[in-house]
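Novice: The structure follows.
The values are calculated or read from the model by the stated rules, or taken from the named source; none is laboratory data. Just so it is clear, the model here is predicted, and its values are computed rather than measured. Here the Cβ is made from the backbone with ideal geometry for all residues, glycine too, and neighbour counts use every protein chain on show. The protein model used for the area step is the full one, side chains on, heavy atoms only, and it has no ligands, DNA or RNA in it. Shrake-Rupley method; radii C 1.70, N 1.55, O 1.52, S 1.80 Å.
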Amino acid sequence: MINIIYIFILSFISQTIIAQSEITLENLWQNYSYNVKSVPGFNFMNDGRHYTRLEKNSINKYDLISGEKVSTTMDPKSLQDFGQTISSYKYNQNETKIVLESETKSIYRRSSEAYFYVYDVATSSVKKIHDSKIMYATLNPKSDKVAYVLDNDIYLYDLNTNQTTQVTKDGKKNNIINGSADWVYEEEFSMSQAFYWSPDGSNIAFMRFNESDVPEFTMTLFNDGMYPEYETFKYPKVGEKNAIVSAHIYNVDSKKTKELQMGEMNDIYIPRIKWTNGDNELVVFKLNRHQNHLQLLLFNSKSEKPKILLDEKNTYFVVITDDLTFLKDKKHFIWSSEKGGYNQIYLYNMDGQELHNLTPGSYDVKTIYGVDEKKGVVYYSSAEVSPIETYIYSIDLKGKNKKQITPQKGTNNAQFSSTYDYYILNHSSAISPPNYTVYNSKYEKVREIENNEKFANHLIDYGLNPIEFFKFKTSENVELNGYMIKPTNFNEKRKYPVFMTQYSGPGSQSVVNKWSGNNYWWYQMLAQNGYLVVCVDPRGTGGRGEEFKKMTYLQMGKYETIDQIEAAKYIATLPFTDANRIGIFGWSYGGFMSSLCIAKGANIFKSAIAVAPVTNWKWYDSVYTERFMRTYLENESGYKDNSPVYFADQIKGNYLLVHGLADDNVHWQNSAEMTMALIKANKQFDTYVYPNRNHGIIGNNARIHLYTKMTNFIYEKL
């Protein structure tokens with residue numbers, strides 16, 4: 001008997017009625033007919049009552065309460081010879097100037113370059129910062145200078161004199177980077193800009209990456225030339241040399257730079273640097289290569305040696321986040337940590353003394369939204385009610401007076417105004433598209449911005465099927481969360497093929513009560529065509545505390561595979577499933593898992609689809625892989641026992657292997673090696689290769705082409 005926690009059923013859909021409209025791949029990946037309406041991020045004004053939006057190349061100001069347009073802050077039509085399409089913008093601190101970004105070009109996941117301009121609100125004039133594309137143009141607090149990165153060096157542009165000063169002079173591609181992150185930091189520490197103005201504008205703190213000894217990786221691009229083009233970049237793989245990273249402070253007046261002395265610098269990471277609210281105090285994160293020892297080092301711009309503000313060790317690894325907030329009283333800071341077994345919020349003083357655990361309990365805090373210092377209140381979200389639900393709470397700085405400010409079941413996210421007088425709540429559930437609502441500081445509803453009601457009512461045309469969340473226990477007595485979508489016109493007496501989808505990566509969650517976008521529609525399309533869609537989060541995933549998440553340490557893939565096989569076995573015992581027709585799908589880490597599952601679970605899975613999979617962790621980057629596995633030399637058995645490339649000979653079922661040739665993240669090398677292993681084992685398989693496509697496999701019909709292949713593969717092989 002299945003143990004159902006929640007059954008979400010659209011009230012306007014009857015399971016006994018065949019869907020009136022068929023979900024199609026063309027509508028999904030060409031026409032994007034199923035995309036819900038979203039509300040762009042709010043650029044709140046300092047008064048906390050107004051916000052601005054970029055609309056048709058103009059920046060317009062709105063009243064948060066009424067939603068009415070108040071004024072147009074910037075209209076490019078009034079500017080002579082501007083003629084640029086604005087892609088994004090950012091105000092300075094006192095809202096007198098705006099940095100405009102135009103013709104933005106992505107580089108990797110988070111980095112980009114663009115043309116930048118500074119717009120003066122008072123004079124309605126605009127200045128171009130540099131003639132070519134640059135990176136991360138940022139105004140100083142006085143708004144008279146702009147710092148930016150060009151060709152791996154940092155520059156300063158003076159808005160008053162129109163003079164440019166080169167701060168660093170040793171930048172060189174694939175060698176030295178100043179003020180910008182290297183590839184692996186950008187990907188695995190979620191950062192790209194690596195320079196920051198001090199609060200008084202007298203100094204710039206920046207990071208320098210010496211990647212001269214980091215091994216290179218080359219991708220082949222095909223652009224209708226006589227010969228292919230080659231893109232080469234630094235990519236440190238497991239156990240290889242990382243960039244040597246250092247932290248520096250540049251003084252604007254003296255034009256002198258000093259390197260911060262941090263003690264032992266052999267094989268360390270600096271995943272963050274951040275100014276405090278003190279007088280030119282800088283905090284530098286110092287993390288060892290095993291990533292299980294983090295120190296927050298506090299520097300004064302005039303001192304040579306730092307003070308250890310925080311020292312944290314972990315049996316497994318320390319998770320790096322941006323959950324560090326220095327309070328305006330210059331005496332305290334907020335920090336999140338898993339040191340108590342769950343991710344919780346702590347209050348410290350500037351001597352590094354822990355004062356309070358603000359959120360004690362057996363649950364994970366997910367996001368810290370900010371601190372209303374006037375009221376002494378912290379706003380955050382957590383999985384306190386359930387791992388699959390997210391609610392938002394407020395609590396004071398003594399850990400008292402906790403309030404749950406979002407009653408709706410599902411997933412709740414918020415963006416607070418600058419004064420914390422209002423916030424925008426984004427709520428969704430597994431079958432309810434996002435709803436955006438304004439609330440005041442008393443947690444009272446002010447107005448609804450977007451409810452996607454018309455879209456929700458439109459769903460009746462497609463006869464969407466219920467989503468059922470369930471739990472089950474494995475043979476090892478481990479309780480796992482899952483969901484299923486039953487086929488249209490479900491009949492308990494029939495035997496349905498099973499399509500399992502998953503990601504399974506460390507700390508991730510796929511089984512959550514929230515709107516899941518386009519893949520949700522693909523799963524519904526499969527359900528319309530007679531498939532039971534199932535998803536299970538195995539051990540190693542998030543929302544359930546540190547031990548559950550980190551128990552896969554040094555053996556990434558082992559327990560996740562056991563749990564997915566156990567999930568398939570459990571589903572096979574249900575009276576309405578065909579145990580001989582169970583397939584599994586995954587992308588990236590999910591592709592790694594689907595490949596392992598069809599090999600180690602060859603008698604369970606009939607088919608598997610692996611898109612952009614890691615097939616041996618020794619081919620992936622140093623930061624991510626060593627965090628969970630350490631190096632190949634330290635943990636050879638952990639790598640060999642859980643890499644699909646070594647188990648290709650065990651595959652019995654149908655296997656589809658897909659990869660982009662220009663995947664800078666999970667390199668094509670993984671699928672090439674897997675292909676050779678399959679050939680060596682004389683295993684037949686299907687494969688699709690996408691030239692010039694990165695990890696997301698998008699652009700020029702690549703998505704619909706891929707999903708057409710995967711859908712046909714499911715229909716034919718399952």
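Novice: Across the range 19-107, what fraction of all alpha-carbon pairs, as a whole percent, falls in each successive 10 Å bin from zero upward?
Specialist: Spelled out per bin, shortest first, that is 13, 35, 26, 17, 8, 1.
Novice: Just the Cα atoms of the range 78-192: what Rg and Dmax do they give in Å?
Specialist: 14.5, 44
Novice: With no solvent and one equal point scatterer per Cα, compute the Debye intensity ratio I(q)/I(0) for the range 374-477 at 0.14, 0.19, 0.24 Å⁻¹ and report its log10, rounded to two decimals.
Specialist: Debye intensities relative to I(0), on a log10 scale: -0.67, -1.00, -1.33.
Novice: While we're looking at this one, here's another question. Heavy-atom accessible area per residue, the chain, 1.4 Å probe: how many Å²?
Specialist: 42
Novice: A further question on this structure: Mind computing the radius of gyration and Dmax over the alpha-carbon atoms of the range 454-510? Å is fine for both.
Specialist: My reading of the Cα-based Rg and Dmax gives 15.2, 46 Å.
Novice: Based on the Cα gyration tensor of the range 621-704, what are the three equivalent ellipsoid semi-axes, each the root of five times an eigenvalue, rounded to whole Å and given largest first?
Specialist: 25, 20, 9
Novice: Return the tail of the calculated pair distribution for the range 567-625, meaning the percent of Cα-Cα pairs more than 18 Å apart.
Specialist: Above the 18 Å cut-off, the range 567-625 has 40 percent of its Cα pairs.
Novice: Binning every alpha carbon pair distance of the chain at 10 Å from zero, what are the percents per bin?
Specialist: Pairs per bin, as whole percents: 3, 13, 21, 27, 22, 11, 3, 0, 0.
Novice: What nm distance separates the two modelled labels at GLU450 and ALA602, each placed 7 Å from Cα along Cα→Cβ?
Specialist: According to this spin-label approximation, the distance is 4.9 nm.
Novice: OK, next. What does the charge add up to near LYS606, with Lys and Arg as +1, Asp and Glu as -1, over the other residues with Cβ less than 15 Å from its Cβ?
Specialist: +4
Novice: Per 10 Å bin, what percent of the C-alpha pairs of the range 202-339 does each bin hold, from zero upward?
Specialist: Answer for the range 202-339: a P(r) of 10, 33, 30, 16, 8, 3, 0 percent.
Novice: Under the 0.36 nm per residue contour assumption, what length would be gained going from the current alpha-carbon distance of GLN30 and ASP170 to full extension?
Specialist: Here the answer is 45.8 nm.
Novice: Right, next: Give me the one-decimal nm value for the distance between modelled label points at MET265 and LYS241, 7 Å along each residue's Cα-to-Cβ direction.
Specialist: 1.5
Novice: Translational D (Stokes-Einstein, µm²/s) of the range 161-247 at 4 °C and 1.567 mPa s when Rh comes from the Kirkwood sum over C-alpha pairs?
Specialist: This corresponds to a translational diffusion coefficient of 86 µm²/s.
Novice: Just to be sure I understand the model, the point goes 7 Å from the Cα along the line to the Cβ. What's the resulting ASP81 to THR687 distance in nm?
Specialist: Going by the 7 Å Cα→Cβ label model, 5.6 nm.
Novice: Sticking with this structure for a sec: Looking at the range 513-644, how many pairs of lysines come closer than 15 Å at the Cα, when each pair is eight or more places apart or spans two chains?
Specialist: Count of close lysine pairs: 8.
Novice: Once you have the alpha carbon radius of gyration of the range 216-295, what is it after dividing by 2.2 N^0.38 Å, with N set to its residue count?
Specialist: 1.63
Novice: Count charges around LEU221 for me, please; just the other residues with Cβ under 15 Å from its Cβ, Lys/Arg as +1, Asp/Glu as -1.
Specialist: -4
Novice: Would you calculate a helix-derived [θ] at 222 nm for the chain, using -39,500 (n - 2.57) for each DSSP H run of n ≥ 4 and dividing by the full residue count, to the nearest 500?
Specialist: So the calculated ellipticity at 222 nm is -4000 deg cm²/dmol.
Novice: Run the paramagnetic zone check for SER21: 7 angstrom along Cα to Cβ, then residues of the range 456-487 with backbone nitrogen under 17 Å.
Specialist: Once the point is set 7 Å along Cα→Cβ of SER21, 456-465 turn out to lie under 17 Å by backbone N, inside the range 456-487.
Novice: Of the chain, which part is the longest with no chymotrypsin sites (Phe, Trp or Tyr not before Pro) in a loop (DSSP not H, G, I, E, B) and with at most 13 other C-beta atoms within 10 angstrom?
Specialist: 223-718
Novice: Averaging over all projection directions, find the projected area of the Cα convex hull of the range 491-567 and quote it in nm² with one decimal place.
Specialist: Its average projected convex-hull area is 6.0 nm².
Novice: Take the alpha-carbon centre of the range 568-642, take the same for the range 107-186, and report the distance between them in whole Å.
Specialist: 43
Novice: Here's a follow-up. When Lys and Arg each count +1 and Asp and Glu each count -1, what net charge do the other residues less than 13 Å away from PRO497, Cβ to Cβ, add up to?
Specialist: Around PRO497, the charge tally is +4.
Novice: Right, next: Under a straight-distance cross-link criterion of Cα-Cα below 22 Å, which lysines are reachable from LYS142, leaving out those fewer than 8 residues away in the same chain?
Specialist: Partners within reach: LYS90, LYS97, LYS127, LYS128, LYS255, LYS256, LYS274, LYS302, LYS328, LYS330.
Novice: How large is ³J(HN,Hα), in whole Hz, for each residue of the range 179-188 in order, when computed from phi with the Karplus curve 6.51 cos²θ - 1.76 cosθ + 1.60 and θ = phi - 60°, using x for Gly and Pro?
Specialist: Result, rounded to whole Hz: x, 9, 7, 7, 4, 6, 5, 4, 6, 9.
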